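S.K.: Quick one: the structure is below, and I'll ask about it shortly.
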Amino acid sequence: SPPSEDFASESARTWAAWATHELAPMVYPNLTKTYGECRRALSYADGAFGPMDALLIKHVGALGMSLAHGKIKRKYGIEDERAALFEKLATWEARIGDRPFRGGDAPDLADVAVHGVLGAVAGLPARDDVVEAHPKIGAWLERVEAALGGERVVVR
């Protein structure tokens, strides 16, 4: 069934923009702290490309990602990657409050947007750190994943 009109409310759009402009820039430096973490972030290439292409993507891509790490940190004034990410997550936790979702009883555009941003760290050490340091975020991620049921949501 289509989402309710409240799904893309003005408030939901504001928080979706926050996910893009405030939260997302904190994620990249947390994926690229070491060359090994960069390679792990690119491990999807093993199943998506042939062996030689996957090897090149993982090694050359990881090199590029690790070189960009410092530049991104400088651009956003980040000194400690995890602390910067955790600060944004504390803001999101406060926004969720005691509700199951920011949108209330069902996810809204903001929930989907933040989930999408944090999806970048799925299966990586940063995700484990997020869930360990912010169990409320971990539980919220599980609720959003269950509510979405693997569906893609596109809002124009």
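S.K.: Using the Karplus curve 6.51 cos²θ - 1.76 cosθ + 1.60 with θ = phi - 60°, what ³J(HN,Hα) values do you get for each residue of region 111-118, in whole Hz, with x for Gly and Pro?
M.R.: Working through the residues one at a time gives 4, 5, 5, 5, 4, x, 5, 6 Hz.
S.K.: Can you give the accessible area of Phe86, probe radius 1.4 Å, in Å² rounded to 10?
M.R.: Surface open to solvent at Phe86 totals about 50 Å².
S.K.: Compute, for Leu31, the solvent-accessible surface of its heavy atoms (probe 1.4 Å) with the complete set of protein chains present, and express it in square angstrom to the nearest 10.
M.R.: Ignoring ligands and nucleic acids, Leu31 comes out at about 20 Å².
S.K.: Please report the Cα spread of the chain along all three principal axes, rounded to whole Å, starting with the longest.
M.R.: Answer, in whole Å and largest first: 46, 36, 29 Å.
S.K.: Among the listed pairs Lys73/Lys136; Lys71/Lys136; Lys33/Lys88; Lys58/Lys88, which are separated by more than 25 Å between their Cα atoms?
M.R.: The answer is Lys73/Lys136; Lys71/Lys136; Lys58/Lys88.
S.K.: Given all pairs of different Cα atoms, what value in angstroms does the Kirkwood hydrodynamic radius of region 107-150 take?
M.R.: Mean inverse Cα-Cα distance, inverted, gives 10.5 Å.
S.K.: Something else: May I ask for the longest run of the chain untouched by GluC sites (Glu not before Pro) that are loop-located per DSSP and have at most 15 neighbouring C-beta atoms (other than their own) within 10 Å?
M.R.: The reported range is 1-78.
S.K.: For region 58-99, state what percent of all Cα-Cα pairs lands in each successive 5 Å bin, counting from 0 Å until the bin that includes the largest distance.
M.R.: Pair shares across the bins are 6, 19, 17, 16, 15, 11, 8, 6, 2.
S.K.: I'd like to check one number: the per residue accessible area of region 1-154, probe 1.4 Å, reported in Å² as a whole number.
M.R.: Result: 56 Å² per residue.
S.K.: For region 2-86, what value does the Rg/Rh ratio take when both radii are computed over Cα atoms and Rh is the Kirkwood radius, given to two decimals?
M.R.: That ratio is 1.13, to two decimals.
S.K.: In addition: With a 1.4 Å probe and every protein chain kept in, tell me what percent of the accessible surface of the chain is carbon plus sulfur.
M.R.: Of the solvent-accessible surface of the chain, carbon and sulfur hold 54 percent.
The values are calculated or read from the model by the stated rules, or taken from the named source; none is laboratory data. As the structure is a computational prediction, the values presented were derived from the model and not from experiment. Counting neighbours? That spans all protein chains shown, and the Cβs are built from the backbone with ideal geometry, glycine included. With ligands, DNA and RNA removed, areas are computed over all heavy atoms of the protein, side chains included. Shrake-Rupley method; radii C 1.70, N 1.55, O 1.52, S 1.80 Å.
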